[in-house]
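What follows is a short report on a single structure.
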Amino acid sequence: MQPDLPESYYLDNVLTLFEHVRRVYGDLLETRQLAFLDDFAALSPDASKLCIRLLNRSHDCYRRGKLNYREIGSLEAAIDELAEGGFLEINGDIDRATLISLFTLPELRAFVADADSFEGLGKLRRAEFEEALLESDDSHFFTRLQHGDDLLQLLCRDEYLLCQMLFFGNLNQSMTDFVLNDLGLYQFEDYRIDPEHRPYRSTLEIQQHWLLYQLQNRFESGDASDRTQLREIGRGIPGDIDSLAPGFRKSERLRYEVARQLERIGDLRSADRLYRRCLLPPSRERRARIYDQRGKHRAALDLCERIIAQPLDEQELQFACGFAARLIKRQGFAARESIEQLRITHQPRVIDLELEFSDPAGRDPIEIAVAEFHNTLDPAGRCDYVENSLFNGVLGLLLWDVVFAPLPGAFYNPFQYRPSDFYAHDFASRRRGLLDQTWAGISDNEDIWRLVKKRWRRKQGLMNPFVNWQGLDLDLIELALERIDHAHWRAIFSRVLRDLRNNRAGFPDLVQFPSAGGYCLIEVKGPGDSLQKNQQRWMQYFHEHGIPHQLTRVTWRGN
């Protein structure tokens, strides 16, 4: 049963957010931001509630007569207090489009009913009606509209959003995260967040990250075909952001998005220049494709070789191998050993299985049917549908303290189930000492079992980016540790940590423990399905490390 939230829960949550921002970043905030926090703290409860109610909505302009919040004792007094404190303005200048948006269609029709200049608009739909109003030169109508009710305009949204950016590390999350925590839907690990470990280390880093969001807004709201504007946005992205700063990955993503759009509209030279400033994948992939498109096939091949020599992740590596092989074949270039050695050549053992079609509603995955087939065929054995949960789950339990280590910049707020750099290419290298310390205490599967069992009991239910609690049980983990060689566990863990973004997925669907001993990882494919690239890469790796695996292809009998 979900708990009842107090009537002022939203204000309590914002006060928690503001307190966090002041405690962690107070010495980095600018004067206007500190003034906002000070002035808000001085508001009465009613004015505070109204301010947050309005800020948590998606726009900045409101009509006084449309506001109704039962938990606010005196709405009029709260409005006047916010206006006096500079949080909102009453009846200030407002553009016509925004003014029109504050009224319902019947209200707008009532306003124009007796105006000759709007004759014949009564049956138009909302969009057409608004367009006709905006094209009108009847200033008297807009004056009447503006005086139809007191108009309130918020003046403090930027300060509020900046506090949210400091708290969440982005502007994609919202106060909903607080509510989910209040309801007990998610449980988070308790990690340290203080000025010593804060993500933003200077006022400049805050300003740079804020600028990136302004540029992102300009990019998303602008003309996608305007190459001049796109180039200006690209040039506006700071090039001196430290790789550990919160804005670094944001700058990389935005720079890539702008370059990709320039590429789409055919401005390949500008796109290539911008891709060159991107340090993270898949910028080098796009550059290789542009070289090829512009007829610079040798340059494309050379770039692929550089990627192969120093890949930033496995997806980039796989692209370079495949694209280089196609260039060699298409352009008649000499084959290169570095490329041939890394191509996926392994073909897994294939078992064709015909099963009785018994689930016409499609409620159970095909993988469940195959697992049940094996369990029926070998009742003393065990076959489970685990997909990505088994190996990731054991790894997450082993590395719990590593994942939640309070490295500077890893955590912004108490509602993170993973560190902010979890998918960064240097996640493992930044924690090399902690990882080495963990592995030094693990020499066999018994050591893994002891540590996993302890973490299972202590951390049950807490969120962890590796651990899917619903997809695991302790008996299965114990059996897996009895049957799967220690060297195989370590090999799999090593590959996962090498590229978390791409290698946490792609594991075979099933793990089978036959009664005769041993184990096998089984990927299941139904009619028309084929192995995905990341699944092929895993099977190539299994082959190289002697890890038992197979592909089961299913056809239905009686369907």
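The values are calculated or read from the model by the stated rules, or taken from the named source; none is laboratory data. Every value quoted in this text rests on a predicted model; they were computed, and no experiment measured them. When we count neighbours, we look across all protein chains shown, and the Cβ atoms used for this are built from the backbone with ideal geometry, even at glycine.
Computed values, structure above
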item	result
Tally, over region 200-226, of residues that are touching a residue at least 12 places away in the same chain (Cβ under 8 Å) and part of a loop (DSSP other than H, G, I, E, B)	5
Which numbered condition THR143 misses (of (1) loosely packed, with under 14 Cβ neighbours inside 10 Å; (2) in a loop (DSSP other than H, G, I, E, B); (3) of a type in the set (S, T, N, Q); (4) at pLDDT below 95)	(2)
Matching residues, region 356-375, being modelled with pLDDT of 90 or more and more than 20 Å from VAL386 (Cβ to Cβ)	none
Residue within region 370-390 that is under 25 Å from LEU497 (Cβ atoms) and of a type in the set (Asp, Glu) present	yes
Given (1) hydroxyl-bearing (Ser, Thr, Tyr); (2) within 24 Å of TRP400 (Cα to Cα); (3) in the same structural domain as ARG264 (by TED's automatic domain parsing), number of the condition TYR200 does not satisfy	(2)
Single match in PHE513, PHE507 (criterion: farther than 23 Å from GLY322 by Cα and touching a residue at least 60 places away in the same chain (Cβ under 8 Å))	PHE513
In region 233-285, residue farthest from the chain's Cα centre (by Cα) [restricted to those that are under 22 Å from PHE323 (Cα atoms) and of a type in the set (Gly, Ala, Ser)]	GLY266
When residues of region 326-344 are limited to those that are buried (at least 18 other Cβ atoms within 10 Å of the Cβ) and at pLDDT below 90, the one farthest from ILE307 (Cα to Cα)	LEU342
Filter result for PHE36 (modelled with pLDDT of 95 or more, closer than 14 Å to LEU161 by Cα and surrounded by fewer than 20 Cβ atoms within 10 Å (Cβ to Cβ))	no
So ALA405, is it over 30 Å from LEU327 (Cβ atoms), under 29 Å from the mean Cα position of the chain (by Cα) and either in a loop (DSSP other than H, G, I, E, B) or among the hydroxyl-bearing types (Ser, Thr, Tyr) (or both)	yes
Matching option when the condition is at pLDDT 95 or above and assigned to a loop (DSSP other than H, G, I, E, B), among ALA424, ALA380, ALA410	ALA380
Matching residues, region 308-319, being within 15 Å of LEU280 (Cβ to Cβ) and part of a helix (DSSP H, G or I)	GLU314, GLN315, GLU316, LEU317, PHE319
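One line per residue, one yes/no per condition, for (1) touching a Gly at 6+ places or on another chain (Cβ under 7 Å); (2) under 19 Å from ASP499 (Cα atoms); (3) modelled with pLDDT under 95:
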site	(1), (2), (3)
ARG231	no, no, no
SER243	no, yes, yes
LEU262	no, no, no
ILE265	no, no, no
SER283	no, yes, no
PRO311	no, yes, yes
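Yes/no per residue for (1) without any contact (Cβ under 8 Å) to a residue 40 or more places away in the chain; (2) acidic (Asp, Glu):
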residue: ASP12; (1), (2): yes, yes
residue: LEU15; (1), (2): yes, no
residue: VAL24; (1), (2): no, no
residue: LEU28; (1), (2): no, no
residue: ILE52; (1), (2): no, no
residue: SER58; (1), (2): yes, no
residue: ALA77; (1), (2): yes, no
